[in-house]
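Okay, so here's the structure we're looking at.
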Amino acid sequence: MTLDIAPGELVALLGPSGSGKTTLLRVIAGLSSPSRGRVLFNGEDATSLRVQDRRVGFVFQNYALFKHMRVADNIAYGLRVRPWRARPPRAEIDARVAELLSFVQLDGLGERYPAQLSGGQRQRVALARALAIEPRVLLLDEPFGALDARVRKDLRRWLREIHKRTRLTTVFVTHDQDEAMDLADRVVVLNKGRIEQVGTPGELYDRPASPFVISFVGEAVALPVSVTNGHVTFGDREIHIDTLGLRNGPARVFFRPADIAIAPSGEGELEGRIENLRRTPSGVRATIAIDGYDQTLEIDSSIEAAATFGDRVPLTLARARIFPAEPPRFPDFADVGAGI
Amino acid sequence: MSDLSAPIVTRAPTPRVGLRLVTQDPPLARYAFIAVAVLFLALFLFAPLAIVFTEAFAKGAAKFAETFEDPDAQAAIWLTLLTASITIPSNLIFGLSAAWSIAKFSFPGKSLLITLIDLPFSVSPVVAGLTYMLVFGAQGLFGEWLAAHGIEIVFAVPGIVLATIFVTFPFVARELIPLMQEQGTVEEEAALTLGASGLRTFLTVTLPNIKWGLLYGVLLCNARAMGEFGAVSVVSGHIRGLTNTIPLQVEILYNEYNNVAAFSLAVLLASLALVTLGLKTFLEWRHAGELAGRVGRH
């Protein structure tokens with residue numbers, strides 16, 4: 001895999017557990033060494049550089065704060081361990097710690113021990129500690145994984161703020177697609193150790209490169225179809241979609257629940273049976289079973305349209321993508337590495 | 001010296017007003033259990049300890065003090081201190097490296113190493129002493145070679161030190177392995193990403209995290225090193241003033257019906273045990289506070 005990250009970018013590594021996202025992050029940091037491939041920082045080879053010399057700010061999943069040290073000492077650690085000549089004088093270190101404490105909004109908590117802080121506060125100490133060494137890149141491993149939903153939302157906004165102010169190249173790992181899409185400039189979707197797609201959230205939503213991406217990034221329905229000479233058929237119905245030069249044979253049409261609607265004209269590509277109809281604040285939500293498909297869909301509709309609903313409704317697809325039934329095997333790329 | 005390696009942690013049950021838990025025994029049974037425990041302790045622990053002290057001072061404090069003027073006794077004390085002062089640093093280094101490698105890396109034969117560390121606990125000290133005889137003794141494996149080069153191991157100080165190291169080597173390692181395994185390597189990784197060298201990481205992150213466990217292991221190791229009888233008895237040869245440690249000297253004096261001297265030296269050993277016990281309790285108390293702080297104040 002080859003991955004280029006531009007300076008100042010906020011990039012998310014998104015994937016299910018075991019997809020290799022944390023491994024990739026650790027390789028960038030130098031905590032794991034790749035068996036093949038290279039890591040470049042600003043075009044210069046950092047593969048053989050030791051962790052200590054890479055100047056990466058790493059925020060660990062469970063923060064890995066030094067629990068026997070006060071918060072201020074945790075933050076100062078990276079400055080104090082510098083070799084004698086590069087070490088700033090004590091007063092300067094103290095000033096930097098105070099500055100960082102207020103930067104992460106923890107003024108006055110420098111004397112506390114990590115055990116005396118809440119999860120969100122610890123997260124911020126970990127970030128301040130990583131920022132203290134003025135890193136070239138900031139790497140965060142599941143930064144919000146261990147927090148409850150509300151703190152998570154707050155910290156998400158706050159991290160975006162931090163990124164805006166520091167303009168640090170930032171890479172974070174997450175398995176939560178909402179988080180990735182919400183925060184990142186670009187998202188790297190990983191699956192089984194491979195990059196499935198790299199793109200902005202918009203690109204991932206609008207032009208997913210593989211069945212994995214479309215089903216991992218948001219909800220998707222897959223209809224088994226067959227392709228014959230440029231025509232796509234689902235059962236005995238034809239679906240009007242560009243086959244993108246697909247060869248004859250079985251394929252799958254993917255669409256998002258939001259992209260299917262009840263056809264106002266009465267003419268639809270698909271037909272379904274309404275199983276349930278419920279009111280929502282703005283209209284109705286119908287649970288519909290598509291003929292020939294074993295799962296149900298939820299479709300939102302207006303109250304006016306719902307008035308004409310019978311038991312059976314015609315459905316039309318606004319947007320869909322087609323992929324061959326068996327995902328093709330991509331050639332194995334020899335160059336495993338990330339360029340920053 | 002009794003084996004102090006299993007710490008006893010007591011937890012008070014949460015008091016509940018007006019409710020009796022099913023697991024709570026009726027008062028009579030409770031008092032009976034407490035009485036049995038106290039009686040047992042009194043009979044097997046406090047009584048012998050009291051006898052050691054009364055026997056030592058049976059003929060007055062002057063006689064007690066006289067024991068320590070005997071050059072043989074002084075030699076025994078000196079040898080015991082020497083043995084402990086060699087044993088503890090070597091087992092400290094061994095224990096640290098064993099615990100480090102077991103807790104922080106995975107390698108083939110790891111479980112075998114863990115089993116081997118426990119070996120001195122499962123093998124009788126006498127057997128351990130005898131194996132040293134077979135290896136280093138005059139008729140032993142290296143006996144002739146050692147004799148030819150004028151190196152004395154058995155019936156000399158090196159043998160005593162080796163036997164003591166063997167018997168006490170699990171203490172530090174056993175104390176540290178679970179502690180280090182629980183802590184993992186993530187704090188060390190954090191220190192490395194912040195630019196700390198390996199040694200610096202060890203000194204500022206690893207060591208502070210294990211210091212209480214380490215100290216505790218060293219205390220136990222020390223207590224055992226000074227009190228070891230079986231293995232040392234086999235390799236020492238009981239040469240007065242030369243190869244007798246305190247426990248061996250106590251035995252000799254006792255066999256000569258020199259009760260005051262025997263028990264006076266025994267008081268020294270018992271005091272050591274009491275000090276160790278006191279320190280251990282103090283450390284556990286400190287430890288408990290630290291642990292409670294870590295878990296309780298989230």
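Using a 10 angstrom cutoff on alpha carbons, build the Gaussian network for chain A and name the most mobile of A:Gly78, A:Gly145, A:Gly245.
A:Gly245
List for region A:38-64: residues with 50 Å² or greater reduction in accessible area, all protein chains versus chain alone, probe 1.4 Å?
The answer is A:Gln52, A:Phe60.
Suppose all protein chains stay in the model; what accessible area per residue would a 1.4 Å probe give for the protein assembly as shown, in Å²?
For the protein assembly as shown, the solvent-accessible area averages 53 Å² per residue.
As a check on your grasp of the helix formula, calculate [θ] at 222 nm for chain A: sum -39500 (n - 2.57) over DSSP H runs of n ≥ 4, divide by the residue count, round to the nearest 500.
-8000 deg cm²/dmol
For region A:68-114, count all C-alpha to C-alpha pairs, find those more than 13 Å apart, and express that count as a whole percent of the total.
Distances greater than 13 Å cover 54 percent of the Cα pairs.
Can you pull out the trypsin sites (Lys or Arg not before Pro) in region A:69-119 whose DSSP state is coil and whose Cβ has at most 11 other Cβ atoms within 10 Å?
A:Arg85
Over what distance in Å are the Cα centres of region A:165-243 and region B:189-230 separated?
50
Can you check what the Kirkwood hydrodynamic radius comes to for region B:153-251, Cα pairs only, in Å to one decimal?
That comes to 15.7 Å for region B:153-251.
Tell me, what is the percent relative contact order of region A:83-157, built from C-alpha pairs under 8 Å that lie six or more residues apart?
27
Looking at chain B as a GNM with Cα springs under 10 Å, which of B:Pro108, B:Pro125, B:Pro158 has the largest mean-square fluctuation?
Fluctuation is largest for B:Pro108.
Given a 1.4 Å probe and no ligands, DNA or RNA in the count, how much accessible surface is buried by B and A, both sides, to the nearest 100 Å²?
2000
Thinking of chain B as a set of Cα atoms, what percent of all their pairs are more than 37 Å apart?
That fraction is 31 percent.
Over chain A, what is the mean sequence separation of C-alpha contacts under 8 Å (at least six apart), divided by residue count, expressed as relative contact order in percent?
23
Grab the protein assembly as shown and count how many Lys pairs have their alpha-carbon atoms under 20 Å apart, sequence gap of 8 or more, or different chains.
Value for the protein assembly as shown: 6.
Which of A:Ala115, A:Ala29, A:Ala86 moves most in a GNM of chain A, Cα contacts under 10 Å?
A:Ala86
For a label point 7 Å from the Cα of A:Ala318 along Cα→C-beta, name the residues of region A:251-291 whose backbone N is under 13 Å from it.
Once the point is set 7 Å along Cα→Cβ of A:Ala318, A:256-264 turn out to lie under 13 Å by backbone N, inside region A:251-291.
Mind checking the angle between helix A:71-80 and chain A's longest principal axis? C-alpha axes, 0 to 90 degrees, to the nearest 10.
Helix A:71-80 and the main axis of chain A meet at about 70 degrees.
Of all the accessible heavy-atom surface of the protein assembly as shown, with the other protein chains kept in place and a 1.4 Å probe, what percent is carbon and sulfur?
Percent of accessible area from carbon and sulfur atoms in the protein assembly as shown: 59.
Please give the helix A:149-166 orientation as an angle from the longest Cα principal axis of chain A, in degrees from 0 to 90, rounded to the nearest 10.
The angle comes out near 60 degrees.
Jot down the per residue volume, in cubic angstrom and as a whole number, of the convex hull over the alpha-carbon atoms of the protein assembly as shown.
Normalising the Cα hull of the protein assembly as shown by residue number yields 291 Å³.
Where nothing but the Cβ of Lys and Arg (+1) and of Asp and Glu (-1) is charged, how large is the charge dipole of the protein assembly as shown around its Cα centre, in debye to the nearest 20?
1240
The values are calculated or read from the model by the stated rules, or taken from the named source; none is laboratory data. Just so you know, these numbers come straight off a predicted model, no measurement behind them. A quick note on method: Cβ atoms are made from the backbone with ideal geometry, for glycine too, and the neighbour counts reach across all protein chains shown. Quick note on the areas: whole protein, heavy atoms, side chains included, nothing else; ligands and nucleic acids left out. Shrake-Rupley method; radii C 1.70, N 1.55, O 1.52, S 1.80 Å.
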